[in-house]
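Inspection log for the structure reproduced underneath, given as structure tokens.
Nothing in this text is a laboratory measurement; each read-out follows from the coordinates by a stated rule. What you see is a predicted model, and the numbers here were worked out from it, not measured in a lab. Because the Cβ atoms are built from the backbone with ideal geometry, glycine has one as well, and the counts that use them run over all protein chains shown.
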Amino acid sequence: MRVRSTDRGQAVPLLLVAAALGTLAIVGIADLAAGALDAARARTAADAAALAGALDGEVAADRLAQANGGQVVSFGRNGDQVLVVVKVGRATARARAALELARSP
């Protein structure tokens, strides 16, 4: 006597669900990685822009931010200190720099 199984064809839907979940996981990880990369690039661009801005002003800060893939969102100067906010992709970073001239003894 032969027993018939009613579980035929269950592997295909299970594989489709597993493939869909795997695809969603890969997309999510890629999105997180892109965000982390944007954040690192934004910090680098903000640091460079703040240093350039402290030395040569807002035009230099904007130029250095663009050279590092960013855009200056705001630039502020208070005496010898500069505060720059730079955006790269979805990430925003702030950097502060001050121009202090070395004194000879």
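Using only alpha carbon pairs under 8 Å that are at least six residues apart, calculate the relative contact order of the range 35-87 and give it in whole percent. Mind dumping the intermediate values first?
Values: 76 pairs, mean separation 18.3, N = 53.
Relative contact order of the range 35-87: 35 percent.
First measure r as the distance between the Cβ atoms of GLN71 and ALA30, then evaluate 1/(1 + (r/R0)^6) with R0 = 30 Å and state the FRET efficiency to the nearest 0.05. Mind showing how you got there, number by number?
Details: r = 23 Å, r/R0 = 0.78.
About 0.80, to the nearest 0.05.
For the range 44-105, which trypsin sites (Lys or Arg not before Pro) are in a loop by DSSP, counting at most 12 other Cβ atoms within 10 Å? Don't skip to the answer; put the middle values down first.
Numbers: sites: ARG63, ARG77, LYS87, ARG90, ARG94, ARG96, ARG103; in loops: ARG90, ARG103.
Within the range 44-105, the qualifying trypsin sites (Lys or Arg not before Pro) (loop, at most 12 other Cβ atoms within 10 Å) are ARG90, ARG103.
How many nm is it between the label spots at ALA11 and ASP56, if each spot is 7 Å from the Cα in line with the beta carbon?
6.6 nm
Taking the alpha-carbon set of the range 7-46, what are its Rg and Dmax in Å?
17.7, 60
List, in order, the whole-Hz ³J(HN,Hα) value for each residue of the range 13-24 obtained from phi through the Karplus relation with A = 6.51, B = -1.76, C = 1.60 and θ = phi - 60°; use x for Gly and Pro.
Going residue by residue, I get x, 5, 5, 5, 5, 4, 5, 5, 5, x, 5, 4 Hz, with x marking Gly and Pro.
Averaging over every viewing direction, what projected area does the convex hull of the Cα atoms of the range 13-94 cover, in nm²? Mind showing how you got there, number by number?
Values: hull surface 21.7 nm².
Seen from a random direction, the Cα hull of the range 13-94 projects 5.4 nm² on average.
What percent does the relative contact order of the chain come to when contacts are Cα pairs within less than 8 Å and at least six residues apart? Let's see the in-between values first.
On the way: 141 pairs, mean separation 25.1, N = 105.
Result for the chain is 24 percent.
Along the charge dipole of the range 30-105, pointing to its positive end and built from +1/-1 on Cβ of Lys, Arg, Asp and Glu, which listed residue (GLY69, LEU101, LEU32) has its Cα farthest out?
Towards the positive end, the residue furthest out is LEU32.
Around LEU64, what is the net charge, scoring Lys/Arg as +1 and Asp/Glu as -1 over all other residues with Cβ under 12 Å from its Cβ? Don't skip to the end; give the middle numbers.
Values: positive: ARG63; negative: ASP47, ASP56, GLU58, ASP62.
Combined, the nearby Lys, Arg, Asp and Glu give -3.
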